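Worksheet for the structure shown next.
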Amino acid sequence: MKKITLFLMILTVIVTSCQDKQAYTIEGSFAEDTFEGKTVYLQKIDSMQAESSTLIDSAVVKDSKFTFKGVAEAKPTMGFISVGRLETPAPDSPVGTLILEPGKIKISLSKNAVNTSGTPINEEFNKVQSLMNDLAALYQEVNDAGGIDGVPNANERMQTLQTNMQKAVFDFTKANMSNKAGEFLFYSAASSMTMEQLKELLPLADSTFLNTAEIKALSKELNRIVPEVGQPFADVQLIDMTGKSVSLSEHVGKSKCVLIDFWASWCGPCIQEMPNLVKTYAAYKAKGLEIVGVSVDDDKQAWTNAVKIHNMSWIQLGDDTKSASELYGVNTIPHTILLDANGVILAKDLRGKELEAKIAEVLN
């Protein structure tokens, strides 16, 4: 009996020691005193299919501060902090995101900014947070100025911040692809990544993640052969504005170059680009340019109305079955494909001045 008791004591010490190594403390603070006396919750999302968050712990805000203590999982995971549950946070409550890993984690929250520090992965994650904070500050500046025209160099600043943030997200995801924190960020940011980036990240994930239905579907999509620059275009069936079936090949090889423009009436960046396309088409149509607009609209009336409103006088086809979008790997719009007289792809995703310069190079 004494031997059994001794064994249990030793086992308890071992288990406690392991937990101590995985223990974390979160020291949080709010910049404002709005949430004094309110309950703040620490939560996680077990999977991207989960309909609600899982509660880990709760604390009462005192002197604008709060503390959580717990034991981290074997691998780092993503945690969320909010006043009120994540599904229904209190009005004006910031939502803090941090990495649950062993050590003393610090998180500060304000209306438009969240910062994490104290542990290695949270320090790295804060590079993403800082850029998100800068973007939020710029959006607020634009809003306060009554629009983007009221803020000097707003477009350039926004583009730079977005580019830097995309890189920071990719770098963090790549370093953490084998844990739940990296997996969560991958799910959140996959739509803004290139196919090359996605192909680089997926082999770094574990088998459980790779065997989920969503990732299997994504892997299949990434491994599909998409016509690339330097290769001939691939033919596909579309419809014209009367609903008649039309092959893309009917409009390729009849001009010195053809621009295929995937767009939609509801796509803000697409509509923003239309004046540039109208200008370019007017300047180069006589020299041998043809444009084939491929609408991905589900609403035919919205499609035809947009064509009239924005003076899109070039060929208009609809991707009613989405087969063209799938064939050409169109995940975001606008998406442009420039073909030469033989139907060979010269360039992809050019817009504005870059697109006009390439067309001029081909036709002049």
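The values are calculated or read from the model by the stated rules, or taken from the named source; none is laboratory data. Note that the structure is a prediction, hence the values are computed from the model and not measured. No Cβ is skipped: glycine too gets one built from the backbone with ideal geometry, and neighbour counts run over all protein chains shown.
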Among (1) touching a helix residue (DSSP H, G or I) at 6+ places or on another chain (Cβ under 9 Å); (2) among the small types (Gly, Ala, Ser); (3) in a loop (DSSP other than H, G, I, E, B), the one test that Gly182 misses: (3)
Evaluation of Ile291 against (1) without any contact (Cβ under 8 Å) to a residue 24 or more places away in the chain; (2) under 23 Å from Gly243 (Cβ atoms); (3) not in a helix (DSSP H, G or I) (one fails), failing number: (1)
Checking Ser93 against (1) of a type outside the set (Asp, Glu); (2) at pLDDT below 95; (3) in a helix (DSSP H, G or I), the condition it does not meet: (3)
Residue selected from the range 254-288 under the condition surrounded by 15 or more Cβ atoms within 10 Å (Cβ to Cβ) and polar (S, T, N, Q), by the criterion nearest to the chain's Cα centre (by Cα): Ser265
Any hit, the range 203-216, residues being touching a Gly at 6+ places or on another chain (Cβ under 9 Å) and within 19 Å of Ile345 (Cβ to Cβ): no
All positions within the range 18-55 that are assigned to a strand (DSSP E or B), of a type in the set (A, V, I, L, M, F, W, C), surrounded by fewer than 16 Cβ atoms within 10 Å (Cβ to Cβ) and within 31 Å of the chain's Cα centre (by Cα): Leu55
Pairs with Cβ under 6 Å, 6+ apart, first in the range 60-88 and under 23 Å from Thr34 (Cα atoms), second assigned to a loop (DSSP other than H, G, I, E, B) and of a type in the set (A, V, I, L, M, F, W, C): Val61/Phe35; Phe80/Leu86; Ser82/Val95; Val83/Phe35; Val83/Ala90; Gly84/Ala90
Residue check, Asn143 part of a helix (DSSP H, G or I) and either crowded, with 16+ Cβ neighbours inside 10 Å or touching a residue at least 12 places away in the same chain (Cβ under 8 Å) (or both): no
The range 106-157, residues that are under 19 Å from Gly182 (Cβ atoms) and charged (D, E, K, R): Glu123, Glu124, Lys127
